[in-house]
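Peer 1: The structure is given below, and queries will be raised subsequently.
The values are calculated or read from the model by the stated rules, or taken from the named source; none is laboratory data. Since this is a predicted model, take the numbers as computed values, not measurements. With ideal geometry, Cβ positions are generated from the backbone for all residues, glycine too; neighbour counts draw on all protein chains shown. The protein model used for the area step is the full one, side chains on, heavy atoms only, and it has no ligands, DNA or RNA in it. Shrake-Rupley method; radii C 1.70, N 1.55, O 1.52, S 1.80 Å.
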Amino acid sequence: MDKNRLKKTIRVKVISMGNAETGKSCIIKRYCEKRFVSKYLSTIGIDYGVTKVHAKDREVKVNIFDMAGHPIFYEVRNEFYKDTQGALLVYDVTNRASFEALDSWIAEMKREIGDPSDMERVVFCVCANKVDKTSQRVVDDFEGHAWANSNGFHYFETSAASGNGINELFEKLFEGLVTAYENGGKVERINTTLGYTKEQIDAIQRLKNSTDDWKRLGLLPGASKDEINKAYRKYAVLLHPDKNIAPGSEEAFKILVSARTALLKNR
Ligand code: GTP
Ligand code: MG
């Protein structure tokens, strides 16, 4: 008999979290039922489902608690954080507020899970959802990835509509859950040391997202040639692609060079 067959079946509890309408239910439906519904049907309180999967030669019974994101359901969902081993943390890439709310979802979970140290035993998967809506996207992959990395969480770009990234997400989640079980519940956070600083991330964001060249260099309109060069040098040190391994630094460096050239030319 295959020795793997002797491995014990495990049971895990997975929850979904994130603002209303970000696509939590659709991600779960896409994985479990392989289909997508475009009409929005808000979850009322909690939806519950069970599925059986295989990961790392083990059978895993997954109890999924799909939470409602709307604040009015707080009293219902707060009961369900306890004993969680896996969490999908979902935001909508076309809605910045849903991305900015991720910290408050973590805070709510920490408050409700019982013992805050239980948070260490949860495998978190951040889902940047609705990536099919490319022209409406306002939170780019770099920003999402940086947030997930800074917390040591997995990061996935997903589309419940097209199915992109969904299998990869669940495979990684289940693999992480089995690994944690085999390590006595200990969850390995991924790459918590970023290798780059908050100042570098902010510089990249400013260069990529600003609406004009003055803002890109952090200057007020009409700043002098000296000020332009000083700002340029400051950013160049932060961003030079030879030194900076932060994702997006190369592109930001190119933006920096052309912003400086344009500002000096127009003087
Ligand atoms: P609550 O249950 O209210 O917390 O919302 P939810 O996060 O479960 O959202 P739900 O899955 O119901 O999806 C909300 C809306 O977004 C629906 O109209 C979906 O069809 C749509 N939607 C979900 N995922 C995607 C996606 O990947 N792409 C696109 N284009 N639409 C999506
Ligand atoms: Mg829902």
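Peer 1: Taking the Cβ-Cβ separation of R111 and R267 as r and a Förster radius of 41 Å, what is the calculated FRET efficiency to the nearest 0.05?
Peer 2: 0.15
Peer 1: Relative contact order of the stretch 89-190: what whole-number percent is it, with Cα pairs under 8 angstrom and at least 6 residues apart?
Peer 2: Across the stretch 89-190, relative contact order equals 30 percent.
Peer 1: For the stretch 12-18, just list the computed ³J(HN,Hα) in residue order, Karplus coefficients 6.51, -1.76 and 1.60, θ = phi - 60°, integers in Hz, with x standing in for Gly and Pro.
Peer 2: So the Karplus estimates, Gly and Pro as x, are 9, 10, 10, 10, 10, 9, x Hz.
Peer 1: Between K186 and D83, what is the FRET efficiency for a Förster distance of 22 Å, r being their Cβ-Cβ separation, to the nearest 0.05?
Peer 2: 0.85
Peer 1: If the only charges are +1 at each Lys and Arg Cβ and -1 at each Asp and Glu Cβ, what is the size of the charge dipole of the chain around the Cα centre, to the nearest 20 debye?
Peer 2: 440
Peer 1: Using a 1.4 Å probe, how large is the accessible area of K254, given in Å² and rounded to the nearest 10?
Peer 2: The accessible area comes out at roughly 140 Å².
Peer 1: With all protein chains present and a 1.4 Å probe, how do I190, I10 order by accessible area, largest first?
Peer 2: Ranked from most to least accessible, the order is I190, I10.
Peer 1: Would you mind checking the tilt of helix 24-33 against the longest principal axis of the Cα atoms of the chain, expressed as 0 to 90 degrees and rounded to 10?
Peer 2: Helix 24-33 sits roughly 50 degrees off the main axis of the chain.
Peer 1: Counting only the heavy atoms of the protein chains, how much of E21 is accessible to a 1.4 Å probe, in Å² to the nearest 10?
Peer 2: That residue has around 100 Å² of solvent-accessible surface.
Peer 1: Once you have all Cα-Cα distances for the stretch 5-91, histogram them in 5 Å bins from zero and send the whole-percent values.
Peer 2: 3, 13, 24, 25, 16, 11, 5, 3, 1, 0
Peer 1: With a 1.4 Å probe and all protein chains kept in place, how do R260, R111, R35 rank by accessible area, largest first?
Peer 2: I get R111, R35, R260, largest accessible area first.
Peer 1: If you don't mind, there's one more thing I want to ask. Using alpha carbon centroids, what distance separates the stretch 247-267 and the stretch 108-181, in Å?
Peer 2: 33
Peer 1: In addition: How much accessible surface area, in Å² rounded to 10, belongs to the heavy atoms of R96 with a 1.4 Å probe?
Peer 2: 80
Peer 1: Hey, another quick one. For the chain, which whole-number percentage of the solvent-accessible area (1.4 Å probe, protein heavy atoms only) is attributable to carbon and sulfur atoms?
Peer 2: 50
Peer 1: Once R0 is set to 25 Å, what does the formula 1/(1 + (r/R0)^6) return for the Cβ-Cβ distance between S258 and T197, expressed as a FRET efficiency to the nearest 0.05?
Peer 2: After rounding to 0.05, the efficiency reads 0.55.
Peer 1: Another question about this same structure. Shape call for the stretch 130-230 from the C-alpha gyration tensor, a ≥ b ≥ c root eigenvalues: rounded (a/c under 1.5), prolate (a/b greater than b/c) or oblate?
Peer 2: oblate
Peer 1: If you build the Cα gyration tensor of the chain and take the root of 5 times each eigenvalue, what three semi-axes come out, in whole angstrom, biggest first?
Peer 2: 41, 21, 17
Peer 1: Pull out the extension gain between E250 and K61, defined as 0.36 nm times the separation in residues minus the alpha carbon to alpha carbon distance; nm, one decimal.
Peer 2: 63.6 nm is the gain from fully extending E250 to K61.
Peer 1: Based on the Kirkwood radius over alpha-carbon pairs, what is the Stokes-Einstein translational diffusion coefficient of the stretch 88-173 at 25 °C with 0.890 mPa s viscosity, in µm²/s?
Peer 2: Estimated via Stokes-Einstein, D reaches 184 µm²/s.
Peer 1: Ordered by packing density, taken as the mean number of other Cβ atoms within 10 Å over each peptide's residues, highest first, how do 77-90, 136-149 rank?
Peer 2: Descending mean neighbour count gives 77-90, 136-149.
Peer 1: Would you please classify the overall shape of the stretch 23-182 from the alpha carbon gyration tensor, given that a ≥ b ≥ c denote the square roots of the eigenvalues, rounded means a/c under 1.5, and beyond that prolate means a/b larger than b/c while oblate covers the rest?
Peer 2: Taking the square roots of the gyration eigenvalues as a ≥ b ≥ c, the stretch 23-182 is rounded.
Peer 1: Also, I was wondering about something else. For the pair N151 and R233, how long in nm is the line joining their label points, each one 7 Å along Cα→Cβ?
Peer 2: Label-label distance for N151 and R233, simple model: 4.0 nm.
Peer 1: Something else: Per residue, how much accessible area does the chain show when a 1.4 Å probe rolls over the protein heavy atoms, in square angstrom?
Peer 2: It amounts to 53 Å² per residue over the chain.
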